[in-house]
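Shown next, in structure tokens, is the structure this report addresses.
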Amino acid sequence: GAYSLDGKQLIPVEYENVYAGGEYINAYKSNGTTIFDKDGKALDTKFSSYEKLDNGKAVVITEDGQYNISDEQNKTLVGDGYVYIEYFKNDLYIASRNDYVGVINSKGNTIIPFEYTTIQKVENANVLIAQKIQSNELNVITQDGKLVNGLKNANYIVKDKYVKIYSDTDFKYYTLDGKETTFKELYPQNGAYADVKDGKWGLVNSNGTPVIKYDYDKVTEVVNGEVCVLKDGKWGIYSKDGKEIVEPKYTSYYSDIEALGEYYRVPSTDNAIPVYTGTEK
């Protein structure tokens, strides 16, 4: 059965299984399933799941297990064949069918073609990240349904001000609303910025003059006046004016790292690697 958090019985304890479907509760017995609302009222409905949205519509699952979008009169609005639908913003929905993912609106119009392996929301941002796994291509989808080209063989990270898509040979920055930008525009006070030319990375000042020559496999952006540089699989640390602080000697499985004096910071995981500076841990 089911109880509210204050101990009120909503559904009698007499069913073989009870599970949630959005705002609905499905109570199963061998002779059939009864659908209840969140207050325990039995419903005469063709939906097994109902998720009310702030635009007056709802994402529903029909009796045959297919996803759809309904209006306030519980009329379904898009065609059959969707195995997943998730609301994004501004009448845009992530949808899946025929093993591919795209974006539709509540009229069933395709906004982003069904040619992606995954499309996922980005926490604390108004964009989606769309991935084609065959090429590991990552693109950005804005809240207006615009596709912004990203990179192939790429990964992405999200920071307070931006989304970064990066590969071994290139990188792109986007605002949290999906506008392509640069690190210089985001942090004009930094005075120096990672750059890549002919497959090699360096650091340039605000005028574009190299501060660290294009001789590295990766250079991070400036944090607290320092950068990390990667050469022949080893990380080192430089100041933003090109002074070597630690020669390239650290090994790390992570590319999202930041310099901290003679140390560097890596993401916090159970498998984080110990970091050494000289004889100090």
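The values are calculated or read from the model by the stated rules, or taken from the named source; none is laboratory data. Worth saying up front: this structure is predicted, and the values here are computed from it rather than measured. Cβ sites come from the backbone with ideal geometry, for glycine too, and all protein chains shown count toward neighbours. Note: accessible area is taken over every heavy atom of the protein model, side chains too, but ligands, DNA and RNA are not part of it. Shrake-Rupley method; radii C 1.70, N 1.55, O 1.52, S 1.80 Å.
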### Gyration tensor verdict on the range 1-137 (Cα atoms; rounded if a/c is under 1.5, prolate if a/b is larger than b/c, oblate otherwise)
prolate
### Expected-Rg normalisation [2.2 N^0.38 Å, Cα atoms] applied to the range 141-274
1.06
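Rounded to the nearest 0.05, what FRET efficiency do residue 198 and residue 83 give with R0 = 45 Å and r taken as the Cβ-Cβ distance? Could you check? Mind dumping the intermediate values first?
Working: r = 45 Å, r/R0 = 1.00.
For R0 = 45 Å, the calculated efficiency reads 0.50.
Could you tell me which of the pairs 159/200; 213/243; 159/184; 197/249; 152/179 are separated by over 21 angstrom between their Cα atoms in the structure shown?
Values: 159/200 25 Å; 213/243 12 Å; 159/184 15 Å; 197/249 23 Å; 152/179 19 Å.
With Cα atoms farther than 21 Å apart: 159/200; 197/249.
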### Query
Per-residue HN-Hα couplings for the range 52-59, Karplus 6.51 cos²θ - 1.76 cosθ + 1.60 at θ = phi - 60°, whole Hz, x for Gly and Pro?
5, 10, 6, 9, x, 9, 8, 8
### Query
Gain in length, residue 146 to residue 75, computed as 0.36 nm per residue apart minus the alpha-carbon separation, to one decimal in nm?
22.7 nm
### Message
Given a 1.4 angstrom probe, I'd like the percentage of the accessible area of the chain that is carbon and sulfur, rounded to a whole number.
### Response
44
### Task
In nm, give the distance between the simple-model label positions of residue 134 and residue 206, each being 7 Å from the Cα along the Cα-to-Cβ direction.
4.6
### Task
Compute log10 of I(q)/I(0) for the chain with the Debye formula, placing one identical point scatterer on every Cα and leaving out solvent, at q = 0.09, 0.10 Å⁻¹, to two decimals.
-0.62, -0.71
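Restricting to DSSP H runs of at least four residues, report the calculated mean residue ellipticity at 222 nm for the chain, -39500 (n - 2.57) per run over all residues, nearest 500 deg cm²/dmol. Don't jump to the answer; show the numbers that get you there.
Numbers: 1 runs with 4 residues, N = 281.
Computed mean residue ellipticity for the chain: 0 deg cm²/dmol.
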### Query
From the backbone phi of the range 155-165, what are the Karplus-calculated ³J(HN,Hα) couplings (6.51 cos²θ - 1.76 cosθ + 1.60, θ = phi - 60°) in whole Hz, Gly and Pro given as x?
10, 9, 9, 10, 10, 4, 10, 7, 10, 10, 9
#### Entry: 5 angstrom amide H check on residue 24, placed H, neighbours 5+ away
50
### Spin-label model distance (nm) - residue 55 vs residue 43, 7 Å beyond Cα toward Cβ
2.0
### 19 Å Cα-Cα reach of residue 46 towards lysines, excluding residues that sit fewer than 8 places from it in its own chain
29, 38, 57, 75
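Given R₀ = 25 Å, FRET efficiency for residue 180-residue 124 by Cβ-Cβ distance, to 0.05?
Working: r = 19 Å, r/R0 = 0.75.
With R0 = 25 Å, the Cβ-Cβ based efficiency is 0.85.
Would you please name the GluC sites (Glu not before Pro) within the range 66-121 that are DSSP coil residues with at most 11 other C-beta atoms within 10 Å of their C-beta?
Numbers: sites: 72, 86, 115; in loops: 72.
Answer in residue order: 72.
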### Summary
Residue by residue through the range 27-38, the couplings from Karplus 6.51 cos²θ - 1.76 cosθ + 1.60 with θ = phi - 60°, in Hz, x for Gly and Pro, are 10, 9, 10, 4, 8, x, 10, 9, 9, 10, 7, 5
### Task
For residue 245, list long-range residues whose amide hydrogen, built 1.01 Å from N in the peptide plane, is under 5 Å from its own amide hydrogen.
237, 238, 239
